[in-house]
Structures are given as C-alpha cells and as structure tokens.
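Rule-based calculations on the coordinates, nothing more; no lab input. What you see is a predicted model, and the numbers here were worked out from it, not measured in a lab. Neighbour counts run over all protein chains shown; Cβ positions are idealised from the backbone, glycine included.
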Number of protein chains: 4
Amino acid sequence: MNINSGDQVLIISPDDKTFLLTVTEGKKMGTHLGEISLGDAIGKPYGDRIYSNLEHPFLLLEPTLEDKMMKVKRHTQIIYPKDAAFIILKTGIQSGMRVIECGTGSGSLTIALANAVAPNGTVFTYDSREKHLENARMNIENAGYSNNVESKLRVAQNGFDEEGVDVVILDLPSPWDGIPAAAKALRGGGRIASLSPTYNQVEKCVENLEEHGFVYIETMELLLRHIRVSAGKTRPVDRMVSHTGFLTFGRKILSKKEETIDESSDPFRAPSNS
Amino acid sequence: MNINSGDQVLIISPDDKTFLLTVTEGKKMGTHLGEISLGDAIGKPYGDRIYSNLEHPFLLLEPTLEDKMMKVKRHTQIIYPKDAAFIILKTGIQSGMRVIECGTGSGSLTIALANAVAPNGTVFTYDSREKHLENARMNIENAGYSNNVESKLRVAQNGFDEEGVDVVILDLPSPWDGIPAAAKALRGGGRIASLSPTYNQVEKCVENLEEHGFVYIETMELLLRHIRVSAGKTRPVDRMVSHTGFLTFGRKILSKKEETIDESSDPFRAPSNS
Amino acid sequence: MNINSGDQVLIISPDDKTFLLTVTEGKKMGTHLGEISLGDAIGKPYGDRIYSNLEHPFLLLEPTLEDKMMKVKRHTQIIYPKDAAFIILKTGIQSGMRVIECGTGSGSLTIALANAVAPNGTVFTYDSREKHLENARMNIENAGYSNNVESKLRVAQNGFDEEGVDVVILDLPSPWDGIPAAAKALRGGGRIASLSPTYNQVEKCVENLEEHGFVYIETMELLLRHIRVSAGKTRPVDRMVSHTGFLTFGRKILSKKEETIDESSDPFRAPSNS
Amino acid sequence: MNINSGDQVLIISPDDKTFLLTVTEGKKMGTHLGEISLGDAIGKPYGDRIYSNLEHPFLLLEPTLEDKMMKVKRHTQIIYPKDAAFIILKTGIQSGMRVIECGTGSGSLTIALANAVAPNGTVFTYDSREKHLENARMNIENAGYSNNVESKLRVAQNGFDEEGVDVVILDLPSPWDGIPAAAKALRGGGRIASLSPTYNQVEKCVENLEEHGFVYIETMELLLRHIRVSAGKTRPVDRMVSHTGFLTFGRKILSKKEETIDESSDPFRAPSNS
C-alpha cells in the first residue's frame, strides 16, 4: 500500500512530534529539524521515511481513526476515541447504516461515525452554529469522509429531515431538546446515544427518554488508564483523564397504546434502569 | 426494516429475560411465560411484539454488535465489548481491511472484527484448538458473519498464511509466540494489538514488540462503570468489573538498518513508552 | 502482649473462616471443625494457636481497627474502612479531640472515630432510631470503646448539646438537616465531613455548607482495587466495589459580617469548589 | 481554642494561596498582598483573620494532618494522605503503639504515624541517607511531633534495634531488604505494610513476606477522584492522579514448626492471596 497524492499521512519527527498532513506534490513544510517536501512521500510505502533538508528522518505512518479524531482542528471539546468507539459498538452502527448526529462540534465523532458506516452509509450531522459546521466540514474533508457525511445547520428542536434512521447520537448541552426529534426519526428497534459531562444532564436526559418510550436505558462512563511498561519497573502512569462524559443509551420500540387499557401495566413502558 | 426468516432477533420477555434467536418459520420455543412461535416475527418491524400462547408480550429488537458478542456460546473467557471497540478504533480497522486474529476463543472478538471489515473485508482467525474453532464458527455463523471470516487451525509459532495485512490482533496466553509471525504478516504502517490479563504478560509482550521493531507501543486498560440514574437518586452502581485485560498497541515500520551505522542511534528503534 | 480475659480476639480456622470473639473463661464455641474453648486463649501471645476438640488449629490474631469495623452486627449499610480512614485524616481527628457524629447507624464509623480520639477524647454520636443506637452501643462496647463514646437519641434538626467541638461528621440521608446544628457546635477552624451515596445529596449538601459559611469545601470519592499477586501472574482482581459514597469536607470560619459592607466581596464567603 | 506562639497555623490569602507557618512574635512575612505580622495571630481563635499592611484579610486555620503532610519540605516523593490513612487503619495503629518505619524520606508518613500513636506512643524511623533524615527531622519538628519520633541512620539490611513492636511500615525501593528485620522486630500478631509503585516490587515483596511466614497478605491500590460540585453542573473533575503506589499488608504469626511434621501441611504457612 503506497502513498498517493492527496492521502492524509501521519508524519513523525525523530523527537516524536506528530503531524497529520495531506501529501501534495510540491508542498513543503518547515519544521524545527529542517524543511520537508511532502511530495517525497508519494509512492513510498507506509512505515518508510522521508528526510528533511538537514538529513533528519521523518517517519511516514498511516493515520488510524484515533489519529484522525485527535488531530481535528478544534473549536469545541472533542469526543474522546474511547467514548466514540464504545458508542459505535453499543448502538450497533455498521457499514451501510443511516445515522443522525446532533451536535457536530469539531466533527471528531462525525469522522468516527462516517468511518463506521463507510463505504455506503451516511451520517446526517446537525449543528446550530455555522462557524462550527464550517470547521467540522473541513476536518471531515481532510479525513476523507466527505462522501459519507451530510451536514445541516439547524437547532435540534426544529427536527430532523430523515426518517427510519438506524441510530441517533446526541451531543448537546440539553440532550432533551433532541429527544422528540430522535424518537420520530428512528425506526423501530433503532438506538439512541447521548453524551453529557454532568450528572444533572444525565438525570434529565434519562427522564426524557423514558417519557418518549425508549427502553433498555443505560448510563455508564469509561475510564482509560495508561500503563508505563518497562522491564522490572511496570506501573500505571502518574496522571490520567478522570472524566470525559457520561454515555446514555436507549432503544426505540413501537408503541402500541391501544393494546393496554392501563398504560402503566405495559412492562415495556417502565424499563428498569437499576 | 422488517424481520425476515433467518434473521437473528433479540427477544425480550416482559420480565426482562433476553433471548438471541434465529427466526425460523415453524420453530417454537418454550419459555417460563408460555410458548412463542418464532415464525410470528416474520414480516414484523423491529420494536414490535409477538405474544406467547399465554398472551404475554415479547419484544422484538434488532441485536446490536454488543448483543451478538455477549450472547455467543462460550468455551473461553470472552473479550468485552469495551475492549473490542477500543481495539478496533485504535488500530484503525475499517470496512474492506484484511485482519488477522490469533486466538479465536469463543469468537466474540472475531464477530466484532468481522463487523468492522464488512461487507468486503476478511478476518483470518487462528486457533490451536479444534473444539474452540468449531464453537466459534457456529457463533460467527449465527451472528451472520461467515462471509467475512476464514478460520484456521494452527499454533501461532507456525506463522500465518497472509501477507501485507492491515492489522494483527493477538489474544494468546503467550502473545510473544505470535509476534514474529505478526511482524512478517503486517504491511508497513500496519498495527498490532495484544490483550493480556497480567502485568507479566504485558511486560514480556512489550519487550518482544520492541525487539521486532514495532514503534509507538502503548499499554492501557479501560474501566467501565455503570451509573444508576433515577430522579433525585443518581449514583454509580455498587459493584463493577475491576479488570478484563490490558491492551497493548504498536505499529510496524520498515526497518532500514543499512541507513544507520550505530543501530541504537536510529530514533525509531527505541520508542519511548513513558 | 498476651491475651487477657475480656479481650476481643480474631480467631481464624484452618480454612480461613474468621470469628471476632471476646475471650471468656469457660466459654465454648461450636465450629464446623469441632468445639473450641475460648479460655484456652488466655495467657497466649497473639499469633499463637488454640486447638479444637478435633485437634484442628485455630489462629489467634489481634483485631485491627478494620476487623472491628467490618465485624459489627449490622442494621444498616456500614461505612467502609477506606472512607473512615480518609475522613479521619482529612478532618484532622486525633487523640484527645471532641467529635460529633450524626447518624450512628451500626456504629462502625463510631468505632473508628473513638479509636482516633482515644484514650482521652470523646465521640458524641446521635441517631434518631433507638433500635440502631442499641445495636451500635453493643458493637462499640464489644470493640472496647465505651469510654470514648456518648450516644444520644435525637434527630439532627433538634441540635447538638455540645459546643466548641473539633469535628462534626454527618452520615444522614438529608445531611442538610444537620448542617445548621453542626455550624453551631463547631469551634472556629473546626471541620465538617458528610458522606452520601448520591450526586443529588452531594449537590444539596454543598449548597447548604456554603450558605452556612463553611469554606474550602471539597467533594471526592475513593475507589479501592485489590491486586491478585502471584509470581508471574499478577493482575487486578476481577470485580470490585464500584461505589460506597461521596465524601464532602468543609471548614468553619468565624463570620465577621461587620467588616465588609458588601458581603459578596468577602472572599471567604464565596469559596471556589472547582 | 486560641492560637499560641509556636503553633503551626495555616494562613490563607484572599486569593487562596496557603502558607503553613509557625506563629512567632515579631516575625513578619512578605506576601504578594502586602506584609503580615505573624504575631498578630497570637490570642486569636482559629477561623479568624489577620490583615496585611495593605489591609488584605488573611484567614487563620488550624492545620489538619493532611495540611501538615502535604506541606513538608520535600526531598523525595511523599506518601499521599489517602494511602497513609488507609495504612494506619488497616494495620490498626493507635494511640500508645510502638511502630517502626523504614524509609523516612521527607517524613510525611512519619508525621501521620506519629499523630496516630500520640500522645504516648513512638515511631522509630530509619533511613540510610543522612540528608533525608535531617530534612525529615525538621519537618517532624515543625509539625509538632518530635516527642513521638526517634530517627536513626541505618540501612534496612542491618536490622532494627526494637523488639516486640506493633507494626512495621516499609517504604523502600527494595522492600524485601527490610522484611527479615521486620519479621524479627514484630510481636506475634503484629502487622506489616509496604508501599511500592511498581508491580514488580509488589510481586517480589509478597513472595518474601510468604517466605518469612507472614499471613493474610493482601495488595491493593486506592484511587482518589474529586467531584466538582456546582448546582446543576455537578461532575467528576477532568484530571486525577492515576497512581501513587500499591499497598501490601501482612500479619505475623508465631511459627510452631515442631507441631507439624510436614511443614507444607500447616495451613497458616501457605496463605491464599487470591
């Protein structure tokens, strides 16, 4: 697999500085260890090197999804890879699906969702701030996912254009603003996920999900701890991120109110969250 | 999206017992709340219900990847969804890729990997125990991923058949048994991941990865904590899984030993893991 | 240090069953490995053994504070040793101090507090349920701390009898019920600590502490994770307690409202909790 | 409780800078908010204020044990309060006991131990580096615990002078260097605790404890997570300390080899650590 013009490449300096760059013939980049010509990478395999004009080797690596997510230009707090990965697996997002994301932000989660539905699925991503959408569109394009993303300028309360989607992801300060629209857009059996930093948001979000008939509602958090491995001196690292956000999940069912006289007796209306 | 004959469906009883079953015309299943006819589900949308002969409603949900992973028939300790999801994102596995898994076990991780490379990629999964492979093959087929998986009976030390693969995942008691073969099978820039429960395995694995020229080696663990959300009484749950395993990652580069007289001076031979 | 009649001794069977018993001449106890005569322990050093009538050895160990706390007869959820230890250090409780505890429960925290103020300090412990106080008094006496504890039947809202105490500990479902009384009972510079399982309690508690002029308010939680150590196979254990409670701390200052015309400008009225 | 000359006082500026100082008549201290005269604090109650020559109020608080531990002058990594508190409770250290500490370091744990055995107990603290002992002695004196501490310049391998002590704490890079001496110095039923940052140290330490006949060996770690509490916006803080050290505990029993012909059959010689 050789590098082509237009590919995003992770370029790493001998002292471990990393650059996520689009390889272009004729483009040069100044670094603290001399100038590198990005065109030198064309035709080389990943894992190979190019050299600066000061003869320093720069490693050429294929960016992983994590690299792409962490290197977006940020206007907002990004979603961490650990959380994005778990949301995708937990909601069962896969190749070919149609997914709505509400709260595009910097587009890091959009990129992860687009990667999961590729090559033929679509992420419909909504944000209420044009400035954020513009930045996110650029990040998504740089990461190579423009074909799998449609972005729209809209507040959640105004609803979504799509129907029968597989999954809706809410990344909103007030996730409940998007829940009625999500309930409408989702097909039966579709999943919803919401990310929020505070327990207060989570509490109100879960209440709203229950009111809108979602079932199997669960909330959780993921903690990532690095280990410093070294022969005879292996130990957890000193510091870690303590909190990124709480993740809340639910599933949409088809309400059949006519079947039960006393609605509270329908077991699927009152899911246990304990 | 209506349910077809042959689909795996998550069927949930009114008292929250879950069954992952393949819908088949004429097949019946006895439950503690009466008998259900699986054929009744055919043509219904997900989120709808069928009824037992005692008139109890059973919910029909589309299984997510998590449901499929957690419901495999187990001969071994399975890989948890949180770890599988993170491995996939971190190694950049995506639709169309060719991935080797060494240590099939019960096939839960195989299913997650197959889902990630679908529709056109392939997971080559190796195990040294025929009994486990048989069980895993059945689990993979039930989950609908047979077209994306090739399983092989072989010990890691005997090497892999594939070359130029994108990612290798090792789930072995002695991951170092698979590292030489992984280094050979991976293309430049390819990624490796290894899962191990003990510090001792991690320490020896990292040493071996360094010896085989892998770089950007990192080890970490993920902790998943559920939150019990209830208006006015929200709190973390009482008990949690404390440990599933440590995850170690690395990237393959193309060694260019001829370029450096003193090998130790090549910065990419001595990656920092701190 | 030899065992005397009346001492509480931790007696351990060969198969690791532990009994916390008061040694008494003539008292016998039936076990699954035969009958032991507690009087046999008198005069023996700790670390020695006695034998059942079936010749099985039972180890005699001195109970630590943890043993005493974990072996109380429980009517309520007990405070865990990790939390009790941290509360004591963080509030600076030490030998000779006068401490109020509100919410005696089963008395496990009372025992830890009494141990910390011994030999000459006193813990004044309040509870609104006579049944709990009776049980706690028995636990406290068995543990040998009756001289350092005064227990009182009273609801927090009715105030405490003591003034100028060093520390107040609240273990109440509604900690704010005890905050006004605590603010009154504490001397200047005295500390308060509150334990609560839910975020909602913590939020309301902190608001109340701020309203009552407490400063340097902090909330935190402690997670205890056991490691299974075994040569070549060392790893965290599989399961752990995920949550016992949140701990909130504050310090009382002397309000001097006359000094500042605009109260909001007094920096000690608006402590940062971020 | 009014402040006397010679007392250590925690003085806090309006912008939350904290100073742990010994109040002395005539002593002045320059701050970024003007000069304060420490003698002004004499006779004032804790919780009161003094004023700089620029009229800024400085709060006078009584230092807790945590304040004293965290404010020592550091030559080495200090023991964190959460770990010190748990060690003291878990080993059952209390007023009047005789305790050996090996590895004085900066004396922060020494201060916590001295506080726990006060007023009449003694901590015998050993270190091999005179420079560290000198610094620790100064820290211990400033904290007011000189009467409860005897410090000695010695390497652990050369043994301890004391016999029949209640508890031994090892804070050594090679804790096994101190285990034989600890086994000799402890009375029957006495407890040992060791702190180490790496799992390799823990593994070797536990092996050594078993060889020296210690039983009920346990290893664990404590994680402390702060919560940012604010009405409607309560959440865990962003970052935390991920690792301070592993804590290993054991208890000494009296070996009675003559009683068992086959030593391996004595159940107390082969404690389970699982």
- [ ] With 28 Å as the limit, write out which pairs from A:Lys82/D:Lys233; A:Lys90/B:Lys233; C:Lys27/C:Lys152; D:Lys17/D:Lys90; C:Lys152/D:Lys44; A:Lys90/B:Lys17 have Cα-Cα distances beyond it, or answer none.
- [x] C:Lys27/C:Lys152; D:Lys17/D:Lys90; C:Lys152/D:Lys44
Open item on the list: Mean-square fluctuation check for chain A, GNM, Cα pairs under 10 Å: which of A:Leu59, A:Leu254, A:Leu172 is largest?
Closed with: A:Leu254
Open item on the list: Charges at C-beta only: +1 for Lys and Arg, -1 for Asp and Glu. How large is the resulting dipole of chain C about its Cα centre, in Debye rounded to 20?
Closed with: 600
Open item on the list: Ordered shortest first, which distances in nm separate the 7 Å Cα→C-beta label point of C:Gly232 from those of the other copies?
Closed with: 2.0, 5.8, 6.1
Task: region A:128-184: GluC sites (Glu not before Pro) in DSSP coil with no more than 12 other Cβ atoms inside 10 Å - done: A:Glu163
TODO: Return the single residue from D:Val202, D:Val23, D:Val167 with maximal mean-square fluctuation; model: Gaussian network over chain D, springs between Cα atoms under 10 Å.
DONE: D:Val23
Task: Relative packing of peptides B:97-105, A:74-82 - highest average C-beta neighbours within 10 Å first - done: B:97-105, A:74-82
- [ ] Using only the alpha-carbon atoms of chain B, report the extent along each of the three principal axes, biggest first, to the nearest angstrom.
- [x] 80, 48, 31
Task: Per-residue ³J(HN,Hα) for region D:119-136, Karplus 6.51 cos²θ - 1.76 cosθ + 1.60, θ = phi - 60°, Hz, x for Gly and Pro - done: x, 10, x, 9, 9, 9, 10, 10, 8, 8, 10, 4, 4, 5, 4, 4, 4, 5
Open item on the list: Name the chain D residue nearest the rotation axis between D and B, going by Cβ position, and give the distance in whole Å.
Closed with: D:Tyr199, 2
Open item on the list: Can you give me the C-alpha center-to-center distance between region D:206-245 and region C:139-209, rounded to a whole angstrom?
Closed with: 26
TODO: Sort shortest first the distances from A:Ser146 to its counterpart in every other copy, using label points 7 Å along the Cα-to-beta-carbon line, and give them in nm.
DONE: 4.2, 7.6, 8.5
TODO: Determine the calculated [θ] at 222 nm for chain D from helices alone, applying -39500 (n - 2.57) to every DSSP H run no shorter than 4 residues and normalising by the residue count; nearest 500 deg cm²/dmol.
DONE: -6500 deg cm²/dmol
- [ ] List the equivalent ellipsoid semi-axes of region D:30-165 in whole Å, largest first, each obtained as the square root of 5λ for an eigenvalue λ of the Cα gyration tensor.
- [x] 33, 17, 12
Task: Amide H partners (placed H, <5 Å) of A:Asp16, local residues excluded - done: none
Task: Cα gyration tensor, region A:117-226 - rounded (a/c under 1.5), prolate or oblate - done: prolate
Task: Angle in degrees between helix B:199-211 and the longest Cα principal axis of chain B, rounded to the nearest 10 - done: 50
- [ ] Using only atoms on other chains, find how many Cβ atoms lie within 10 Å of each Cβ of peptide C:5-18 and report the average.
- [x] 2
Open item on the list: Apply the Karplus curve 6.51 cos²θ - 1.76 cosθ + 1.60, θ = phi - 60°, to the phi angles in region D:7-14 and return the couplings in whole Hz, x for Gly and Pro.
Closed with: 6, 7, 10, 8, 9, 10, 6, x
Task: Label-point separation in nm, C:Thr24 to B:Gln77, each point 7 Å along Cα→Cβ - done: 4.7
Open item on the list: Distances in nm, one decimal, shortest first, from D:Met70 to the same residue in every other copy, taking the label point 7 angstrom along Cα→Cβ.
Closed with: 2.9, 3.0, 3.9
Open item on the list: Report for the protein assembly as shown the percent antiparallel among DSSP-assigned beta bridges with both residues inside it, nearest 5.
Closed with: 65
TODO: Return the average number of partner chain Cβ atoms within 10 angstrom of each residue Cβ along peptide B:47-53.
DONE: 4
- [ ] Summarise the partner chain shielding of B:24-37 as one whole number: the mean count of Cβ atoms from other chains within 10 Å of each residue's Cβ.
- [x] 0
Open item on the list: Among A:Leu172, A:Gly250, A:Pro236, whose Cα projects farthest towards the positive end of the dipole of chain A, with charges put on the beta-carbon of Lys, Arg (+1) and Asp, Glu (-1)?
Closed with: A:Pro236
Task: Crossing angle, helix A:81-91 versus chain A [Cα axis fit, 0-90 degrees, rounded to tens] - done: 40
TODO: Rounded to the nearest 10 degrees, what's the angle between the helix B:108-117 long axis and the longest principal axis of chain B, both from Cα atoms, 0 to 90?
DONE: 80
Task: Fluctuation leader among B:Ile111, B:Ile227, B:Ile93 - chain B, Gaussian network, Cα springs under 10 angstrom - done: B:Ile227
- [ ] Calculate, for A:Ala231 and A:Asp16, the FRET efficiency according to 1/(1 + (r/R0)^6) with r their C-beta to C-beta distance and R0 30 Å; round to the nearest 0.05.
- [x] 0.90
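Provide the FRET efficiency to the nearest 0.05 for the D:Glu35-A:Asn147 pair, computing r from the beta carbons and using R0 = 60 Å.
Values: r = 68 Å, r/R0 = 1.14.
Rounded to the nearest 0.05, the efficiency is 0.30.
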